[in-house]
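> The structure's right below; bear with me while I get my questions together.
The values are calculated or read from the model by the stated rules, or taken from the named source; none is laboratory data. These numbers were taken from a predicted model, which means no experiment stands behind them. Note that we place each Cβ from the backbone using ideal geometry, even for glycine, and neighbour counts take in every protein chain shown. SASA here: full protein model, heavy atoms, side chains in, ligands and nucleic acids out. Shrake-Rupley method; radii C 1.70, N 1.55, O 1.52, S 1.80 Å.
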Amino acid sequence: MIKSCLLRRVAVLSLLSFPLFAQAQLRIEISGVGANQIPIAIAKFADEDGAPHSPSNIIRSDLERSGAFRLIDAPEVIADNAPIQAANWKSKGADAIVVGRINKLANGRFELRYRLVDTLRGTELSSFVMTVQPQFLRFGAHKIANDIFYKLTGVPGAFATRIAYIVKAGTENRLEIADSDGESPIAVTRSSEPLISPSWSPDGTKLAYVSFERKKPIIFIQELANSKRIVLADFKGSNSAPAWAPDGKSLAMALSRDGQTQIYLIEADGSNVRRLTNSSGIDTEPRFAPDGQTIYFTSDRNGGPQIFRMNLDGSDVKRVTFNGSYNISPRVSPDGKMLAYISRREGKFQLYILDLTNSQELRLSETGHDESPSFAPNGKYIMYATSTAGRGALAVVSTDGRVRYNLSSKVGNIREPTWGPFTN
Amino acid sequence: MRSSKFFAVLLASVMVLSACSSVQLDKKAPVEDRTGSNAATTSSNDSAKTGAANDGSADSRAGDKNAQNNQNAQNNQNAQNTDPLNDATGMLAKRSVYFDFDSYVVKDEFKPVIEAHSQYLIKNTDRKIVIQGNTDERGGSEYNLALGQKRAEAVRRALNFLGVADSQIEAVSFGKEKPKATGSNEAAWAENRRADIVY
């Protein structure tokens, strides 16, 4: 127990100790761990001391944060091709050990070699070699963590993914993307006016978002590789809540061009706008189900806001939430079976999850100003915006509520997180 | 009463119009009648008439380019000197409509403000406004954006009902994103449950 606490501190410290990435503002605070953790040892990679990042530290911190692993102390360097004393590691309590090497190549790239060994049988469970540009070294380490997570839990890891969120620092609003652990942040756009509702294209190459830079909410789509952006929707009134269809060809959104806020579809190039809802109240926050056949949305057609579901042509509208008088921000899990949303109960805005197959509801957050839930692409975690000491921070909770951690910033408010898709 | 100044401006523009058509003067008459302090009791019937009067004057201006130019010059001068919008103490200086908690209905106390702006916009068809709806900080950003829109819409519809053309109004929302008052207390929340009229 003491050992694992120490390790946790080591992991947190390691994240803070890269001078090159001093601007990395998100700090991880783990406040809970899961049951039935897999004990694993991750040795220091050979030759990682001269590298800009320590792959073994990144992998350790990924796996520990997931709540599915318990780290066994392995301070020594073990290269990927070194013989493994499996029985020795088994006696230390590790069910598996990770070893590896990092090589700086003549062309400036890095080669990452890794091997995962089952200490119970002494057999290799996985191994691979990859070559990455220096700026993708962290991402490479996350990919190794993905592989370990998948080989040992059977669930795809979501460490090698990116998140997008809005930071407000002073008078500046920034849309940023970062690794799933909040490191290596990059500003996508900056504005003195508010930015909200970032939404990843299904292929992870673009972000749709709402900017108030022209003194009203307008939806933009921006390519991440070259910062090229288009106006998706600038109709009379407010344009907001963009949500990509799973095929990436169209988006659902909320417009007020015909009066009250209603839901519309639009092609990703800004053409062919058609209205989907026709209610006398508010219809907003559309989200496609993963099969692309239905849209979940927030509507106050019955009084307070509740979550509804409809077909793509606007037909067959069905109410989905029934507990509480205020349920907003529906997000469907990647398998389509769960719905995450924010519910106001007794004055607190908290994250809930609803099992759509049996209508079982579970409260997942313990704070009271929670917003903007977003599923990890593997469906096992939900990131959301919370408030600690009056400042916006990002929190992550496992869908069973057992594991939770925060990504907090020392400067600025962080809001509107959205977890990006799996990428290659 | 500052509205007497407004009256004077109107009278001046009516006199310009009278140079080209006495009919115009007759048609305009109901408009100037309603600039008095009893504006709050204006009925929608009057508004409809106002719209007709405006249409008439537009036709007449189209028919006589010189008169139109003269009037524009006069209007510009008025805008610089005595545009009632610039009167810091008049009803038109009031640009905010406040709403009760969880309410999207324009309260009676703001009807004089809406009526003053409707009259100004009906007389100044070249002027456009944006109505910016706002909410307090509680709840989700997108739902609040829609609630702010609901407030902006309530003001837009009220102006529309009084005869202001759709083309002169855009209702938008800032939701909870641009709070005028910061703080998590009832005073700040009340200040932020608001729609602003912006020229």
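> Roughly how many percent of the accessible protein surface of region A:272-412 is carbon and sulfur, given a 1.4 Å probe and a whole-percent answer?
Details: 2400 of 5710 Å².
After summing per-atom areas, the C and S share lands at 42 percent.
> Report, to the nearest 10°, how far helix A:137-153 tilts away from the longest principal axis of the Cα atoms in chain A, using its own Cα long axis and a range of 0 to 90°.
Orientation of helix A:137-153: about 90 degrees from the principal axis.
> For peptide A:234-241, what's the mean number of Cβ atoms from other chains within 10 Å of each residue's Cβ?
The shielding value for this peptide is 5.
> Given R₀ = 45 Å, FRET efficiency for A:Glu193-A:Leu125 by Cβ-Cβ distance, to 0.05?
After rounding, the FRET efficiency stands at 0.35.
> Let me ask something else about it. Which percent of the accessible heavy-atom area of region B:125-199 goes to carbon and sulfur, probe 1.4 angstrom?
Summing carbon and sulfur atoms, their accessible area is 51 percent of the total for region B:125-199.
> What order do you get for A:216-225, A:375-384 when each peptide is scored by the mean count of other beta carbon atoms within 10 Å, highest first?
Output ranking for A:216-225, A:375-384: A:375-384, A:216-225.
> How shielded is A:280-287 by partner chains, expressed as the average number of their Cβ atoms within 10 Å of its Cβ atoms?
Mean shielding count: 3.
> For chain A, what is the relative contact order in percent, using Cα pairs closer than 8 Å and at least 6 residues apart in sequence?
Relative contact order, chain A: 12 percent.
> Can you compute the modelled spin-label distance between B:Arg157 and A:Arg345, with each label point 7 Å from Cα toward Cβ, in nm?
It is 3.3 nm.
> Determine ³J(HN,Hα), in whole Hz, for all residues of region A:380-386 in sequence, where each value follows from phi through the Karplus function 6.51 cos²θ - 1.76 cosθ + 1.60 and θ = phi - 60°; x replaces Gly and Pro.
Karplus values, whole Hz, x for Gly and Pro: 9, 9, 10, 9, 8, 8, 9.
> Based on Cα positions only, what radius of gyration and what Dmax would you give for region A:55-201, in angstroms?
18.3, 60
> Ok, one more. Report, by chain and number, residues whose modeled amide H sits under 5 Å from the one on A:Ala393, excluding near sequence neighbours (fewer than 5 apart, same chain).
Residues meeting the amide H criterion: A:Thr386, A:Ser387, A:Thr388, A:Ile414.
> Hey, another quick one. Got a sec? Which residues of region A:211-225 lose 10 Å² or more of accessible surface with every protein chain in place, vs. that chain alone, 1.4 Å probe?
Buried by 10 Å² or more upon assembly, which counts only protein chains, are A:Phe212, A:Lys215, A:Lys216, A:Pro217.
> Using Cα pairs under 8 angstrom and six or more residues apart, how large is the relative contact order of region A:131-267, in percent?
Reported relative contact order: 12 percent.
> So how far, in whole Å, is the C-alpha centre of region A:138-211 from the one of region B:135-199?
Computed from Cα coordinates, the inter-centre distance equals 31 Å.
> To continue, here is another question. Averaging sequence separations of C-alpha pairs under 8 Å and six or more residues apart, then dividing by the length of region A:306-360, give the relative contact order as a whole percent.
24 percent
> Mind checking the angle between helix A:55-66 and chain A's longest principal axis? C-alpha axes, 0 to 90 degrees, to the nearest 10.
Once rounded, the angle reads 50 degrees.
> Additional query: What's the carbon and sulfur percent of region A:138-257's accessible surface, probe 1.4 angstrom, rounded to a whole number?
With neighbouring chains kept in place, the figure for region A:138-257 is 50 percent.
> In Å², rounded to the nearest 100, what is the total accessible surface buried by chains B and A against each other with a 1.4 Å probe?
2200 Å²
> Apply 1/(1 + (r/R0)^6) to the Cβ-Cβ distance of A:Arg109 and A:Val231, taking R0 = 56 Å, and write down the FRET efficiency to the nearest 0.05.
Step by step, r from the Cβ atoms, then E = 0.90.
> Moving on to the next point. What's the ranking of A:362-370, A:84-92, A:394-402 by average number of surrounding C-beta atoms within 10 Å, highest first?
On the way: A:362-370: 17.4, A:84-92: 15.3, A:394-402: 20.3.
Packing order, densest peptide first, comes out as A:394-402, A:362-370, A:84-92.
> Can you list the residues of region B:118-139 whose accessible area drops by at least 40 Å² going from the chain on its own to the full set of protein chains, with a 1.4 Å probe?
B:Gly139
> Now for a different question. Applying a 10 Å radius around every beta-carbon, put A:303-314, A:329-340 in order of their mean neighbour count, most first. Please report the intermediate quantities before stating the final value.
Details: A:303-314: 17.7, A:329-340: 20.5.
Descending packing order for the listed peptides: A:329-340, A:303-314.
> Is region A:310-362 rounded, prolate or oblate when judged by the Cα gyration tensor, a ≥ b ≥ c being the square roots of its eigenvalues, rounded requiring a/c under 1.5 and prolate requiring a/b larger than b/c?
Prolate.
> Per residue of region A:248-254, in order, report the coupling 6.51 cos²θ - 1.76 cosθ + 1.60 (Karplus, θ = phi - 60°) as ³J(HN,Hα) in whole Hz, putting x for Gly and Pro.
Those phi angles translate into x, 8, 9, 9, 9, 7, 10 Hz.
> Could you give the accessible area per residue of chain A, probe 1.4 Å, as a whole number in Å²?
41 Å²
> Ok, one more. Nearest 0.05, what FRET efficiency do B:Asp126 and A:Asn272 give at R0 = 25 Å with Cβ-Cβ as r? Each step should come with its number before you reach the end.
On the way: r = 34 Å, r/R0 = 1.36.
Efficiency for this residue pair is about 0.15.
> May I pose another question? Would you please give the residues with an amide H less than 5 Å from that of A:Ile38, counting only those at least 5 places away or on a separate chain, with H modeled from the backbone geometry?
Residues meeting the amide H criterion: A:Phe69, A:Arg70.
> Roughly what would the spin-label model give for A:Asp291 and A:Leu312, points 7 Å off Cα along C-beta, in nm?
It works out to 1.2 nm between the two label points.
> Now for a separate question. Apply the Karplus parameterisation 6.51 cos²θ - 1.76 cosθ + 1.60, with θ equal to phi minus 60°, to every residue of region A:111-119 and state each ³J(HN,Hα) to the nearest whole Hz, in sequence, with x for glycine and proline.
9, 10, 10, 8, 9, 10, 10, 7, 6
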